[in-house]
Structures are given as structure tokens and as C-alpha cells.
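J.: Got a structure for you, questions after.
The values are calculated or read from the model by the stated rules, or taken from the named source; none is laboratory data. Predicted model only: the values in this text are computed from it and were never measured. Backbone-built Cβ (ideal geometry, glycine too); neighbour counts: all protein chains shown. Just the protein is used for accessible areas: all its heavy atoms, side chains included, with ligands, DNA and RNA removed. Shrake-Rupley method; radii C 1.70, N 1.55, O 1.52, S 1.80 Å.
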Amino acid sequence: MTPEEVADWLKVSEITVKNKYRTWGLKAQKVGRLLRFRERDIVAYLEDHYG
């Protein structure tokens, strides 16, 4: 998932995702210069914090 897609799921801005994903404990993959997230990691984060 792109940071834009994650931001849409979490109802925050894309910049917030890029700045805060480490403090939230989300794992990101670097593909070249781009960030990508696994859907299962986002779902697990939501279940742990809001679930």
C-alpha cells in the first residue's frame, strides 16, 4: 500500500503517515525511494489500537 492509501484508511494526511509511521510502530518497505506498507500490518495496527 502507498502512504496515500494508508492515509485514507487512517483518516490522516499523507504527510502525517510519512512523518509518524515509525512512532506508530508501522513497518514500511523501501522500494527505491518509495515507501510501501503491507495491508496486514495496517490491519494489525488498527486492531491493536482501536479494536
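J.: When Gly25 is evaluated against the numbered criteria (1) open to solvent by less than 50 Å² (accessible area, probe 1.4 Å); (2) without any contact (Cβ under 8 Å) to a residue 24 or more places away in the chain; (3) not β-branched (Val, Ile, Thr), which criterion, by number, is the only one it fails?
T.: (1)
To keep it simple, each residue is scored yes or no on (1) touching a Leu at 6+ places or on another chain (Cβ under 7 Å); (2) outside any helix (DSSP H, G or I); (3) of a type in the set (Phe, Trp, Tyr).
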| site | (1), (2), (3) |
| --- | --- |
| Trp9 | no, no, yes |
| Ile15 | no, no, no |
| Asn19 | no, no, no |
| Arg22 | no, no, no |
| Leu35 | no, yes, no |
